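Undergrad: Have a look at this one.
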Amino acid sequence: MRIKPDYNLNSIFEINDEELLSLGIKCIFFDLDSTLMQSKSGKFTEKTLSFLNKLSQNFKIAIVSNNCKKHYIDKVEAQCNIKIYSNAKKPDTRVLRQALNDFNMTENEAVMVGDRPLTDILAGKKANMTTILVDSISKDKEPKIVRFVRWLERLTIKR
């Protein structure tokens, strides 16, 4: 299977909000671990929080995570004012569709942003959303084996 994200960026900070607005995008769904914060850290950087605050001026923002640990999600929620959908089981689309319904948005008005082609991007594609693949926010700190697995997974990307 080959997956083609609509955008392939180095990080979330390269997201062009003006371009998304021109496409009619009104809502951005983000994966959590390795997309918005270092995996399993449960902590946003100030740079990430500032970026999300900036985006929230023009877009509805939500986090859609496969993480199902309540204490972890509670820790993340305490740091931000962003709706978090946990235990999403991506690439399943049920939680994405629930989030669209909660925000009263259509799939054409939403974008899914994540670091994993076979979960985040595939879920967004299956839900007929615009998709943005980003590299891990903490790629320089990840073990070599994790980078190797990411490289293997990205072989599924159609360029």
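The values are calculated or read from the model by the stated rules, or taken from the named source; none is laboratory data. Note that the coordinates shown come from a computational prediction; the quantities given were computed from them, not determined experimentally. All Cβ positions, even for glycine, are placed from backbone atoms using ideal geometry, and neighbour counts span all protein chains on display.
Undergrad: Within region 108-157, track down each residue that is buried (at least 18 other Cβ atoms within 10 Å of the Cβ), at pLDDT 90 or above, in contact with a helix residue (DSSP H, G or I) (Cβ under 9 Å, 6 or more places away or on another chain) and charged (D, E, K, R).
TA: Matches in region 108-157: Glu109, Asp115.
Undergrad: Show me the strands (runs of 3 or more DSSP E) entirely contained within region 1-99 in which 3 or more residues are crowded, with 19+ Cβ neighbours inside 10 Å and either more than 16 Å from the chain's Cα centre (by Cα) or in contact (Cβ under 8 Å) with a residue 40 or more places away in the chain (or both).
TA: Passing ranges, in order: 27-30, 60-64.
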